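Asks: Got a structure here, written out as structure tokens. Questions coming.
Just so it is clear, none of the values below were taken in a lab; they were calculated from the coordinates. Model, not experiment: these values are computed from the prediction. As a convention, Cβ positions derive from the backbone with ideal geometry for all residues, glycine included, and neighbour counts pool all protein chains shown.
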Amino acid sequence: MQKSDIEDFVRIFADPKVMASFDVASFDRGQLEQWIQRNLIHQNKFGYGLFSVVLKINGLLVGNCGLQRMEIGGVQAVELGYEFRSDYWNQGYATEAAATVRDFAFHQLHLPRLTSLVRIGNFGAMRVSEKIGMTRIGDITRKNQHYWQYSIDRNQRTTNPV
């Protein structure tokens, strides 16, 4: 991800279908500039963050996928998360990107565990989590939002099952 990706992310985060997982109407340009800046700071601090997902065939940025350190239930965790343009849903891109990031986290970064927070009712994201080997470990409320919490440990199957 880089600052120059801003226009693509403005389009992605203006989509009401994408924003349904955040329970807000949309993010404005200023919020997205801050979001990109926070991610770049996170990358510099921890050595990982969100990656822009760009189609090889045409160079089109269709989303992001990556890792973010956060506190979940009072415990430090690394979350695997993503957002994609809604016109690219149900084509396998989220699963492919999430599996690649999972493998990077375990094989290059040697992280012990990943978690994903899936907004309750987001069955597409639930399926992606399960396809990459994650198991639902419970429900959690974070910042007044309700999520299914998924997790996978490094010693579990970490090759791309798709």
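Asks: Need one number: nm distance between label points at Asn90 and Arg11, each 7 Å from Cα along Cα→Cβ, rounded to one decimal.
Replies: According to this spin-label approximation, the distance is 2.1 nm.
Asks: Could I ask something else about it? Normalised by the residues of the stretch 16-78, what does the relative contact order come to in percent, with Cα pairs under 8 Å and at least six apart? Walk me through the numbers before you get to the answer.
Replies: Details: 51 pairs, mean separation 11.1, N = 63.
Relative contact order comes out at 18 percent.
Asks: What number comes out for the charge environment of Phe13, summing +1 per Lys or Arg and -1 per Asp or Glu over other residues with Cβ under 12 Å away? Can you show the working numbers first?
Replies: Details: positive: Arg11, Lys17, Arg29, Arg85; negative: Asp5, Glu7, Asp8, Asp15, Asp28, Glu33, Glu83.
My count for the surroundings of Phe13 gives -3.
Asks: On a straight-distance basis, which lysines could pair with Lys56 in a cross-link, Cα separation under 22 angstrom, same-chain partners fewer than 8 positions away excluded?
Replies: Within reach: Lys3.
Asks: Could you state the per residue volume, in Å³, of the convex hull enclosing the Cα atoms of the stretch 1-72? Could you put the intermediate results ahead of the total?
Replies: Details: hull volume 7.5 nm³, N = 72.
Spelled out: Cα convex hull of the stretch 1-72, divided by residues, is 104 Å³.
Asks: Within 11 Å, Cβ to Cβ, of Leu67, how many net charges do the neighbouring residues add up to if Lys/Arg are +1 and Asp/Glu are -1? Working shown, then result.
Replies: Numbers: positive: Arg69, Arg102; negative: Glu79.
Value of the local net charge: +1.
Asks: Hey, of (i) 29, 18, 15; (ii) 22, 18, 17; (iii) 31, 17, 14, which did the structure itself give for semi-axes √(5λ) of the Cα gyration tensor in Å when calculated?
Replies: Calculated semi-axes √(5λ) of the Cα gyration tensor in Å: the matching label is (ii).
Asks: Using a Förster distance of 25 Å, how high is the FRET efficiency between Glu130 and Leu109, based on the Cβ-Cβ distance and rounded to 0.05?
Replies: Working: r = 22 Å, r/R0 = 0.90.
That pair, Glu130 with Leu109, gives E of 0.65.
Asks: Count neighbours as other Cβ atoms within 10 Å of each site's Cβ, and list the trypsin sites (Lys or Arg not before Pro) in the stretch 23-58 that are DSSP loop with at most 10 such neighbours. If you can, show how the numbers build up before the last one.
Replies: Numbers: sites: Arg29, Arg38, Lys45, Lys56; in loops: Lys56.
For trypsin sites (Lys or Arg not before Pro) across the stretch 23-58 that sit outside H, G, I, E and B with at most 10 neighbouring Cβ atoms in 10 Å, the list reads Lys56.
Asks: Moving to a separate point now. Counting only other residues whose beta carbon sits under 15 Å from that of Thr115, what net charge do I get with K and R as +1, D and E as -1? Can you show the working numbers first?
Replies: Values: positive: Arg69, Arg102, Arg113, Arg119, Arg136, Arg142, Arg154; negative: Glu71, Glu79, Glu130, Asp139, Asp153.
So the environment of Thr115 carries a net charge of +2.
Asks: Relative contact order for the chain: what percent, with Cα pairs under 8 Å and sequence separation of 6 or more? List each step's numbers first, then the result.
Replies: Details: 259 pairs, mean separation 27.0, N = 162.
Relative contact order of the chain: 17 percent.
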